[in-house]
Amino acid sequence: AFFDEAPKPLAGKRAVITSGPTHEAIDPVRYIANRSSGRQGHAIAAALARLGAEVTLVSGPVTIADPAGVNVVHVESAREMLSAVEAALPADIAVMVAAVADWRAADSADQKMKKKPGEAPPPLQLVENPDILKTIGHHANRPRLVVGFAAETRDVAAYAADKLARKGADLIVANDVSKEGVMGGVRNQVMLVTKDGAEAWPDMDKAEVAEKLAAWIAKRF
Ligand code: CTP
Ligand code: CA
């Protein structure tokens, strides 16, 4: 009953969120991935839904549960993630939280690659994946509010400001992933970067970051 009576400032608004890592196949049994758990993105999807938004969560492979009250689309690769996000347009809000693999194998083998006695290991040729945030930030059907994340290990504010401009985002939520326990962990310390400047938030639970970010977003509508 509490949630039914809570104010719904985002009622009637559509949001698309990406979350988790992507997996990029090398062969049928091997892939390139990263440490993202999906916790931050899933929590943001749930928080926006609690504020009344109609949420599509495009999730890479994660072990956490689908959040309640959200339409979840499960994908594996960056290219699948981009297609699913574009299929969720038009939307009012896009929040691109996924740790999308920057590169994929240039060609993934149809059969399991085998060791060959006496031969050197095979070279792994990489090609760049599509940039989902940048595509959405410059889309003909661009959501009114486009939010990106930035995973940095140094010069967080400067790199975040650069990503804001380059990707056509309205807000970049930057975090320092060199801090132990951020990537894959439960806590996060973020800095919000817009064209008007930067604001650092204290260290908190990823669920709290999600609540505060959803409230920040609701204020823009
Ligand atoms: N992103 C994306 N598609 C990609 C790469 C990144 O949508 N192929 C999004 C992420 O979801 C995040 C933002 O772009 O919202 C920034 O991701 P990040 O990895 O920090 O930046 P990159 O642009 O990939 O640059 P780099 O990893 O070299 O710092
Ligand atoms: Ca990246």
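The values are calculated or read from the model by the stated rules, or taken from the named source; none is laboratory data. This is a predicted model, so every value here is computed, not measured. When we count neighbours, we look across all protein chains shown, and the Cβ atoms used for this are built from the backbone with ideal geometry, even at glycine. All accessible areas refer to the heavy atoms of the entire protein, side chains included, with ligands and DNA or RNA removed. Shrake-Rupley method; radii C 1.70, N 1.55, O 1.52, S 1.80 Å.
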Apart from one, (1) under 30 Å from LYS8 (Cα atoms); (2) basic (Lys, Arg); (3) near ligand 1 (Cβ under 10 Å from one of its atoms) all hold for LYS206; the odd one out is (3)
VAL73 meets each of (1) more than 16 Å from ligand 2 (Cβ to nearest atom); (2) over 15 Å from the mean Cα position of the chain (by Cα) with one exception, condition (2)
From the option list GLU208, GLU152, single residue qualifying as among the acidic types (Asp, Glu), closer than 20 Å to GLN40 by Cα and modelled with pLDDT of 95 or more is GLU208
Here the qualifying pairs (Cβ atoms under 7 Å; residues six or more apart or on different chains; first in the range 193-208 and without any contact (Cβ under 8 Å) to a residue 60 or more places away in the chain; second surrounded by 11 or more Cβ atoms within 10 Å (Cβ to Cβ) and acidic (Asp, Glu)) come out as THR194/ASP170
For the range 20-38, pairs from a residue that is of a type in the set (A, V, I, L, M, F, W, C) to a residue that is assigned to a loop (DSSP other than H, G, I, E, B) and loosely packed, with under 15 Cβ neighbours inside 10 Å, with Cβ under 6 Å and 6 or more apart or across chains, are VAL29/LYS112
- request: Within the range 139-158, identify whether any single residue is at positive phi, in contact with a helix residue (DSSP H, G or I) (Cβ under 7 Å, 6 or more places away or on another chain) and open to solvent by less than 30 Å² (accessible area, probe 1.4 Å), and answer yes or no.
  value: no
Checking the structure you have, find out if any residue of the range 107-118 is modelled with pLDDT of 95 or more and open to solvent by less than 40 Å² (accessible area, probe 1.4 Å). no
Exercise. Are any of the residues in the range 181-190 free of Cβ contacts under 8 Å to residues at least 40 places away in the same chain and outside any loop (DSSP other than H, G, I, E, B)?
Worked result: yes
Of LYS163, LYS212, LYS114, the only residue that is more than 19 Å from the chain's Cα centre (by Cα) and of a type outside the set (S, T, N, Q) is LYS114
Scanning the range 165-202 for residues that are surrounded by fewer than 13 Cβ atoms within 10 Å (Cβ to Cβ), among the acidic types (Asp, Glu) and more than 21 Å from GLY137 (Cα to Cα) gives GLU180, GLU199
